[in-house]
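J.: Handing you this structure, nothing more for now.
The values are calculated or read from the model by the stated rules, or taken from the named source; none is laboratory data. Source: prediction; values computed, not measured. Neighbour counts run over all protein chains shown; Cβ positions are idealised from the backbone, glycine included. Side chains are part of the model used for accessible areas, which takes the heavy atoms of the whole protein and leaves out ligands, DNA and RNA. Shrake-Rupley method; radii C 1.70, N 1.55, O 1.52, S 1.80 Å.
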There are 4 protein chains.
Amino acid sequence: MPEYPTALGASSRDRIALLGHDLTDEVMGKVGFGELAFWLASQRRPTAGETRVFEAVLAALADHGFTPTAIITRLTYLSAPDSVQGAIAAGLLGGGSRFLGVTEDCGRFLHQVLATVTGEHPLDDAGWDALALAAVHARREAGAFVPGLGHHVHKDGDPRTSRLFHIAAEEGLFGPHLSLFAAIGRVHPEVLGKTLPLNGAGACGAALADLGLPLELLRAFALLARTAGLIGQLAEELRDPVANDIFLSVDLNNKPIPPSPLGITAA
Amino acid sequence: MPEYPTALGASSRDRIALLGHDLTDEVMGKVGFGELAFWLASQRRPTAGETRVFEAVLAALADHGFTPTAIITRLTYLSAPDSVQGAIAAGLLGGGSRFLGVTEDCGRFLHQVLATVTGEHPLDDAGWDALALAAVHARREAGAFVPGLGHHVHKDGDPRTSRLFHIAAEEGLFGPHLSLFAAIGRVHPEVLGKTLPLNGAGACGAALADLGLPLELLRAFALLARTAGLIGQLAEELRDPVANDIFLSVDLNNKPIPPSPLGITAA
Amino acid sequence: MPEYPTALGASSRDRIALLGHDLTDEVMGKVGFGELAFWLASQRRPTAGETRVFEAVLAALADHGFTPTAIITRLTYLSAPDSVQGAIAAGLLGGGSRFLGVTEDCGRFLHQVLATVTGEHPLDDAGWDALALAAVHARREAGAFVPGLGHHVHKDGDPRTSRLFHIAAEEGLFGPHLSLFAAIGRVHPEVLGKTLPLNGAGACGAALADLGLPLELLRAFALLARTAGLIGQLAEELRDPVANDIFLSVDLNNKPIPPSPLGITAA
Amino acid sequence: MPEYPTALGASSRDRIALLGHDLTDEVMGKVGFGELAFWLASQRRPTAGETRVFEAVLAALADHGFTPTAIITRLTYLSAPDSVQGAIAAGLLGGGSRFLGVTEDCGRFLHQVLATVTGEHPLDDAGWDALALAAVHARREAGAFVPGLGHHVHKDGDPRTSRLFHIAAEEGLFGPHLSLFAAIGRVHPEVLGKTLPLNGAGACGAALADLGLPLELLRAFALLARTAGLIGQLAEELRDPVANDIFLSVDLNNKPIPPSPLGITAA
């Protein structure tokens, strides 16, 4: 019979354990929710500074107004009000490579560049700039974008990025990923011939990586933040509904066109 | 052209607003994640006491070990590691009527009973007991369970319930839903002929309702808590994988049986 | 060690069984997909007539243009093109009580009415009309809608309903659920004071129930039909994309409003 | 005001169109479900031979017993029986890169190899073998697997592959993707030093690509097939439930271990 090891929740008749602690005596009423989420993911209790940076990241990613994920959740609730879990799950499914994926992509990219450094990390801005310059050159030669660079609205700078840099520095958590990311912000115009903003989603990825959280789950933290945002969207939909108007704005403006058969060899 | 009102996130070229505040100056680094989730759902900033009760509820619901939702998330990740969002969404879809629904069911039930009170709520335990007694009688006569009563493991009392009562009382947030729930705990043996524990999921529903959060979304808060738990499950799966063993324990113990046709009139 | 019985798929080193048959010799190339879906759900192979009625139902429910489910799938693909499974799953999550639920609700309602008949079912239209009249009266007195009555577009009659009646009759499969449903169409004006169409989703529920398929899964067949429709939506989105226009039509027409706090006692 | 073109479903007061045809007169009762699914995806009506190959593929992929997707759907239904759509959606979310992705991966791989051919495709086996040999060599040199090669159970040959080859040949639809796939089956031992089976999921991808269906959606057809299979799983769960036993087999065999903190720099 297989056994299934876990250090997370466990119950007995009169006690509930979580992460090796007593849930009721040591967690409830004593541990904030952001702190707990960090703890569950890393199996170590974060410091106050780590919690502050982590919660700043979650705040930055929680809601961006009428994103596809928000619209999806509202439409799903319109169509299936019997299942709040379905409305939230559907919205999270929009949290993929294009809208929420930058956080993960950026964290992974920075980590890969850092992994090429043998020995010590750079000690000053000049060192980080040299590493960043090589990395941006390599991406450009490979015909690839630099994750975390560019924003379709905040063209002069994403205000979340500078704020997150500031908070991480205040808490002594401006580590190698953020250092490299900041350096990319300084040096990329030299390679790309134009100045792009360091976007907030990328900065969040760098900050989460500096917190030692697993790269495979950076997108998951964006999804956690977004879950709170989607609940906000649902709460607003309950009071100021827009989903039916969105649906009708599409349905009533449909334009029938004749079928356009795919050729046999199309792809 | 329809317009879509929202008080949640909004962006301009150099500024991001959230709930009418500046995201970077007034939220990031200053507002905890539990506090923010409450704020997004209610559009009002909670007090420190409300945040504490709210986060205690989230802690109580975050993870219960190898629940179906946890197993689902791990199996989905095993099968589709390309999509973290799919693994989390699948786990949340297990957050329905049977496992996470008690929170909502209990909050709604208590609210319905309170709605029958004309004039003031009871002023003392005797008053609450009378109201509870009538409510439990009515459920019993209708052949219905009392939501929030009973637990398959914590048969002598769910430790989360007493802890949550304590925290709510400390914060001056032991309102009518919790008062009625506590009274049900006192009087139900008289009607049912046996003593059942007030379960933690039900207590969470009562506490959330006392915080003024919308009944339609009580399940959503359980899902938010569980999202953090599912990320913990994924993080552990990355290090101590069990999903493949679970899959094989089922697949290798399959027992082929002959088809058993449904009759024409079956239902 | 528990064992897990199943009559569905099973594999050995050189053979694959499905429903007690050899998948490659007896199913592939010989059994159509609608027929197979019926077989999997009922564990009995349908007749040609049953397959025809079943596939007519699936055709009736496959796609209705820009429904919420279609919009949801397109938006999810826009946002997360890395996960086709997520786009389809999200669309199906819109298949709940409001848009796809009528099929199930109507099948269950008809079944409940039939269950009240002691002895033989009615033998002629007059008998069915009497049963229908009583049922519509009972719903009206309970303040409840009659499932399957009414359509927001096909106000003079849903063309799918008459077509499905015709096909079922041709195949000798116009059973008690369809008979009762047709009678409701004849008698309801007498009770409700207005003539409503029998909608196609309701007719599909009646037809599926007459095929002996499980009531608990009537919605699931609507979802199967819709899966084919959602793939059609994705295929069209690949060639004639509209999701980004939909997203922008909402996002660019957002209207910031001040937060409107929920009162403490709101619900 | 944007317009949204579509050639799929459209309704007027007394008529429903689908793909430019009258749904009730020309589709219902006349078009099988597999045929309709092909038509919706390609916007052209398939021939009888194309439908037969397509439905053979769907049959091959519909159900494989207690796969992760099947277990996920059953557990989700156990936990949230209020939402059939959630149970099916959750199962489909397991249809990712590892279990259902081979169909898409193989179709894309074969297409890429064919795209390197300038001028005519090979005219005989020798020509296909040469192309296949070069392709397998290239994968090996890149350290990559050849999609569609290998199976953990059918080590001596996947019976679905030979059957699908046979059906496609019978229908005159053994096109370049299948030809190349068959050639890979002949030549790979020369490069890899061992003989692996051509698996059925890969053969399905080759057959779908030869049908001219879009590569981006090959996984979607696997999901359509699996939807029918998951409904079968749910129908069986209703009669012979195993989900609670699966859940308990995990939960009761949990083995509490101490938390194992991630290091700060872990990834």
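J.: Looking for something more than 25 Å from the chain's Cα centre (by Cα), in a loop (DSSP other than H, G, I, E, B), more than 10 Å from chain B (Cβ to nearest Cβ) and buried (at least 24 other Cβ atoms within 10 Å of the Cβ) - is there at least one such residue anywhere in region D:1-13?
T.: Within region D:1-13 (the criterion being more than 25 Å from the chain's Cα centre (by Cα), in a loop (DSSP other than H, G, I, E, B), more than 10 Å from chain B (Cβ to nearest Cβ) and buried (at least 24 other Cβ atoms within 10 Å of the Cβ)), the answer is no, since none of the residues qualifies.
J.: What tally of residues in region D:106-136 results from selecting those that are open to solvent by less than 50 Å² (accessible area, probe 1.4 Å) and either assigned to a helix (DSSP H, G or I) or not assigned by TED's automatic domain parsing to the domain that holds residue D:183 (or both)?
T.: 14
J.: Can you find, within region A:65-95, the residue that is farthest from residue C:248 (Cα to Cα) among those that are within 20 Å of the chain's Cα centre (by Cα) and without any contact (Cβ under 8 Å) to a residue 12 or more places away in the chain?
T.: Filtering first and then ranking leaves A:89.
J.: Further question on the same structure: Read through the list (1) open to solvent by 10 Å² or more (accessible area, probe 1.4 Å); (2) in contact with a Phe, Trp or Tyr (Cβ under 7 Å, 6 or more places away or on another chain), then give the number of the only condition that residue A:261 fails.
T.: Here residue A:261 clears every test but (2).
J.: Collect the residues in region C:96-108 that are among the aliphatic types (A, V, I, L, M) and either under 19 Å from residue D:41 (Cβ atoms) or free of Cβ contacts under 8 Å to residues at least 40 places away in the same chain (or both), keeping them in residue-number order.
T.: Within region C:96-108, no residue meets the criteria.
J.: Are there helices (runs of 4 or more DSSP H) fully within region D:148-267 with at least 2 residues that are touching a residue at least 12 places away in the same chain (Cβ under 8 Å) and facing another protein chain (nearest Cβ under 9 Å)? List them.
T.: D:159-170, D:200-210, D:218-239, D:243-251
J.: While we're looking at this one, here's another question. Applying the selection to region C:148-175, what residues are open to solvent by less than 20 Å² (accessible area, probe 1.4 Å) and of a type in the set (Ser, Thr, Tyr)?
T.: C:161 - this is the single residue of region C:148-175 that is open to solvent by less than 20 Å² (accessible area, probe 1.4 Å) and of a type in the set (Ser, Thr, Tyr).
J.: If you don't mind, there's one more thing I want to ask. Among the numbered criteria (1) more than 22 Å from residue A:238 (Cα to Cα); (2) within 14 Å of chain D (Cβ to nearest Cβ), which single criterion is violated by residue B:92?
T.: The one condition residue B:92 does not meet is (1).
J.: Additional query: Taking the condition of being farther than 21 Å from residue C:151 by Cβ and buried (at least 24 other Cβ atoms within 10 Å of the Cβ), how many residues in region C:55-88 meet it?
T.: Adding up the residues that qualify gives 15.
J.: So which residues in region A:9-30 are closer than 15 Å to residue B:199 by Cα and either of a type in the set (Val, Ile, Thr) or touching a residue at least 60 places away in the same chain (Cβ under 8 Å) (or both), if there are any at all?
T.: A:16, A:24, listed by residue number.
J.: Checking residue D:145 against (1) part of a helix (DSSP H, G or I); (2) open to solvent by 10 Å² or more (accessible area, probe 1.4 Å), only one condition comes out false. Which one?
T.: For residue D:145, the exception is condition (1).
J.: Just to be sure before I move on: is residue B:247 of a type outside the set (Lys, Arg) and within 30 Å of residue B:124 (Cα to Cα) in the structure I sent? Spell out how you get there, then give the answer.
T.: Details: of a type outside the set (Lys, Arg): yes; within 30 Å of residue B:124 (Cα to Cα): no.
Taking the combined requirement at face value, the residue does not satisfy it.
J.: Please work out which residue is least open to solvent (accessible area, probe 1.4 Å), limiting yourself to region D:20-33 and to residues that are under 15 Å from residue A:256 (Cβ atoms) and more than 8 Å from chain C (Cβ to nearest Cβ).
T.: Step one: list which residues in region D:20-33 are under 15 Å from residue A:256 (Cβ atoms), which gives D:20-23.
Filter once more, so that each one left must be more than 8 Å from chain C (Cβ to nearest Cβ): D:20-22.
Values: D:20: 60, D:21: 62, D:22: 20 Å².
If we take residues in region D:20-33 being under 15 Å from residue A:256 (Cβ atoms) and more than 8 Å from chain C (Cβ to nearest Cβ), then D:22 is least open to solvent (accessible area, probe 1.4 Å).
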